[in-house]
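Note sheet for the following structure.
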Amino acid sequence: MSNNKREEEGLFFQGRTEAIFKVIVVGDPAVGKTSLLTKFATNKFKEIYLPTVGVNIVKEPIKLKEINATINLMFWEVAGQPQFYMLHRPYFNGADGMLLVYDMTRSSTFSNITNWYSSAEKFGLSSIPRILIGNKVDLKEERKIILPMAEHLSEKLNAPYYETSALTGEIVKEVFHKIAELVYKYKAN
């Protein structure tokens with residue numbers, strides 16, 4: 001049957017394609033990666049810590065008002081435990097964006113951000129958009145990383161810096177909209 005004949009009979013189907021962009025979410029164990037994703041996707045917070053085993057994948061459509069478009073982001077939250085390091089290659093492969101998360105109350109998680117970024121660079125991801133996130137800003141009395149230190153690392157990594165709280169939701173939506181915007185602009189070029 002020809003295309004004209006199909007169209008006349010109403011049998012012609014046009015395929016719809018949907019672009020999905022991959023964003024990796026990396027950082028040490030217990031910095032709040034899962035909590036940030038959960039807060040963004042469901043507006044919920046779980047008090048109980050359950051470490052991610054391997055990878056946690058969350059797909060979310062994000063509406064970008066500035067360009068009147070909705071893009072779909074697939075967030076791959078990579079387990080922070082050392083025993084999963086050998087899995088980084090498949091998890092990092094094909095990433096279009098990156099969220100680097102540390103816990104503002106634990107200095108070691110901040111220091112390790114450079115290691116996480118180096119791993120991404122090793123897999124050819126040095127040019128993708130990225131955001132540096134200091135999580136747990138609600139724990140003001142326990143804060144170990146001062147703003148100038150974070151801003152210095154932000155400049156070094158060429159990554160916008162945000163301070164979030166997965167518990168209260170502070171700045172969480174803004175961060176996810178920002179990475180969506182950065183990925184969209186990166187892929188449009």
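The values are calculated or read from the model by the stated rules, or taken from the named source; none is laboratory data. For clarity, every value in this text was computed on a predicted model and none was experimentally measured. In this analysis, Cβ positions are derived from the backbone assuming ideal geometry, glycine residues included, and neighbour counts consider all displayed protein chains.
Counted as qualifying within region 4-98 are the strands (runs of 3 or more DSSP E) with 2 or more residues that are in contact with a strand residue (DSSP E or B) (Cβ under 7 Å, 6 or more places away or on another chain), closer than 19 Å to Ser126 by Cα and modelled with pLDDT of 70 or more, namely 20-26, 69-78. Name the residue that is nearest to Thr34 (Cα to Cα), counting only residues in region 135-156 that are touching a helix residue (DSSP H, G or I) at 6+ places or on another chain (Cβ under 9 Å) and surrounded by fewer than 18 Cβ atoms within 10 Å (Cβ to Cβ). The residue in question is Lys144.
Scanning region 157-189 for residues that are buried (at least 21 other Cβ atoms within 10 Å of the Cβ), over 13 Å from the mean Cα position of the chain (by Cα) and under 17 Å from Pro129 (Cβ atoms) turns up just one, Tyr184. All told, Ala150 falls short of being in contact with a Gly (Cβ under 7 Å, 6 or more places away or on another chain) and at pLDDT below 95. The C-beta contact set for region 102-113 (first residue within 8 Å of Ile145 (Cβ to Cβ) and in a loop (DSSP other than H, G, I, E, B), second residue among the polar types (S, T, N, Q) and modelled with pLDDT of 95 or more, distance under 8 angstrom, 6+ apart or interchain) comprises Met104/Asn135. Tally the residues that are buried (at least 23 other Cβ atoms within 10 Å of the Cβ) and more than 16 Å from the chain's Cα centre (by Cα), restricting the search to region 90-117. Qualifying residue count, region 90-117: 2. Please indicate, with yes or no, whether at least one residue in region 160-174 is in contact with a Ser or Thr (Cβ under 8 Å, 6 or more places away or on another chain), aromatic (Phe, Trp, Tyr) and under 18 Å from Pro29 (Cβ atoms). No, that holds for no residue. The criterion of being assigned to a helix (DSSP H, G or I), on the phi < 0 side of the Ramachandran plot and touching a strand residue (DSSP E or B) at 6+ places or on another chain (Cβ under 7 Å) does not hold for Lys156.
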